[in-house]
Amino acid sequence: AAGLFGNFGQTSYAAAKMGIVGFTRALALEGAKTNIKANVIAPMARTRMTEELAGDLAERLQPEKVSPLVAYLCHSSNELTGQIFSVGAGRVARVGVGVGRGLTFPEPDVDRIAAQIDEVLAEQDLVFPSHIYEEMQLLLEPTATGGTS
């Protein structure tokens, strides 16, 4: 979770964890031809290192509540690959890397972007590409135009 969402005081740790996400997403694409599955879990579980930090929540963060997802993903019947999961305290959730539709600026400049940054940051209609070419496809789709040329 530190890599996916950030955590104060864990810059290098977060960078390493997000590197695992990129590695796994690429591995899922490369392994598809030989039926290799690769997924990421961002576990929230109590350890000796973290139990003091979790406070009252620590009692609910048993590692045993993470392992069933691991077992499911390792089972031969699993077809999921390239997915990211947040798991802890009995909760299992998909995490997505999404991209907004954005704006197309015929001649982008600082002032135009600044004037329309709220539209650039808009979260409606997020797309969750499964590979880089799906994101590149967004460049070909008609989108709202930012400003005039």
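Per-residue ellipticity at 222 nm computed for the chain from its helices equals -9000 deg cm²/dmol, with DSSP H segments shorter than 4 residues left out and the rest contributing -39,500 (n - 2.57). Once the 1.4 Å probe is applied to the protein heavy atoms, the range 1-44 comes out at 67 Å² accessible per residue. Modelled spin-label separation between residue 80 and residue 122, with each label point placed 7 Å from Cα along the Cα-to-Cβ direction: 3.1 nm. A crude spin-label estimate for the pair residue 94 and residue 1, with each label 7 Å from Cα along the Cβ direction, gives 2.1 nm.
Residue 101 contributes about 110 Å² of solvent-accessible surface, heavy atoms of the protein only, 1.4 Å probe. Applying a DSSP loop filter and a limit of 13 other Cβ atoms within 10 Å to the chymotrypsin sites (Phe, Trp or Tyr not before Pro) in the range 1-104 leaves 8. Over all orientations, the range 32-149 has a Cα convex hull whose mean projected area works out to 11.5 square nanometres.
For residue 18 and residue 134, the difference between the fully extended length at 0.36 nm per residue and the C-alpha to C-alpha distance is 39.7 nm. Counting only alpha carbon atoms, the long axis of helix 11-31 and the longest principal axis of the chain meet at about 80°. Here, the range 1-62 is characterised by an Rg to Rh ratio of 1.11, where Rg is the alpha-carbon radius of gyration and Rh the Kirkwood radius. With loop membership from DSSP and a limit of 15 other Cβ atoms within 10 Å, the longest segment of the chain without GluC sites (Glu not before Pro) is 1-50. Placing a label point 7 Å from the Cα of residue 141 along the Cα-to-Cβ direction, the residues of the range 78-116 with a backbone N closer than 17 Å are 96-105. Using a probe radius of 1.4 angstrom, the carbon and sulfur fraction of the accessible surface of the chain is 58%.
Compute the signed sum of charges (Lys and Arg +1, Asp and Glu -1) over the other residues within less than 12 Å, Cβ to Cβ, of residue 127. Net local charge, residue 127 excluded: -4.
A probe of 1.4 angstrom, applied to the heavy atoms of all protein chains, finds residue 139 with accessible area near 140 square angstrom.
The values are calculated or read from the model by the stated rules, or taken from the named source; none is laboratory data. It should be emphasised that the depicted structure is a prediction, and the values quoted were computed from it without experimental measurement. Ideal geometry is used to build each Cβ from the backbone, glycine not excepted, and the neighbour counts take in all protein chains shown. Only protein heavy atoms, including side chains, enter the accessible area calculation; ligands, DNA and RNA are left aside. Shrake-Rupley method; radii C 1.70, N 1.55, O 1.52, S 1.80 Å.
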